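Working notes, beginning with the structure itself.
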Amino acid sequence: SPESADTFARSLIKTIDFWQKQGKRVVLFYSPPQGMDPRACLPRPIRITATNRCDISRERAIEHEAGYRKTLANILKDTQGITFFDPFPILCDAQICRTKSDDDILYADIASDWRAPAKTWNHLSIGGGRFLAERAQDELRAVLAN
């Protein structure tokens, strides 16, 4: 909702301002792509369909995050001295956003509905964090080195 986006933006700006006034460098980490259902990745003895319901389309992930990303883009545009890291290009290719890699499920929890509010967003599992760190080493070093 617009009120929750405004509340999020005001709170984040206030937090950034607080830390910058303390002389700290602020690095913003975008959330990983959202809308996955990691339960769909669990092996099942019987499958009714061969369709991969584990990964989601890039288009659906972009749609799910549109409001969040717009809010962050506005904050980054209007606030000086912030660097950021976006895991989206690491976890998504041109067609899909990955929920699983080999036998490792990349998300630890489940949003009950891909249109659900931010409070139900997915978080990376330990394996997901490792997957991201291994593939984004150069980007993370560049963001954190400044």
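See the values below:
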quantity: Residues located in the stretch 44-59, provided they are among the charged types (D, E, K, R), farther than 21 Å from residue 125 by Cα and either open to solvent by less than 80 Å² (accessible area, probe 1.4 Å) or modelled with pLDDT under 85 (or both); calculated: 47
quantity: In the stretch 10-41, the residues that are at pLDDT 80 or above, open to solvent by less than 20 Å² (accessible area, probe 1.4 Å) and part of a helix (DSSP H, G or I); calculated: 16
quantity: Qualifying residue in the stretch 77-96 (condition: assigned to a helix (DSSP H, G or I), modelled with pLDDT under 90 and more than 14 Å from the chain's Cα centre (by Cα)); calculated: yes
quantity: Sole exception among (1) in a loop (DSSP other than H, G, I, E, B); (2) at pLDDT below 90; (3) open to solvent by 50 Å² or more (accessible area, probe 1.4 Å) for residue 69, by number; calculated: (1)
quantity: Subset of the stretch 129-146 (residues that are out of contact with any strand residue (DSSP E or B) (no Cβ under 8 Å at 6 or more places or on another chain) and among the small types (Gly, Ala, Ser)); calculated: 129, 133, 142, 145
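The values are calculated or read from the model by the stated rules, or taken from the named source; none is laboratory data. Note that the coordinates shown come from a computational prediction; the quantities given were computed from them, not determined experimentally. Neighbour counts run over all protein chains shown; Cβ positions are idealised from the backbone, glycine included. With ligands, DNA and RNA removed, areas are computed over all heavy atoms of the protein, side chains included. Shrake-Rupley method; radii C 1.70, N 1.55, O 1.52, S 1.80 Å.
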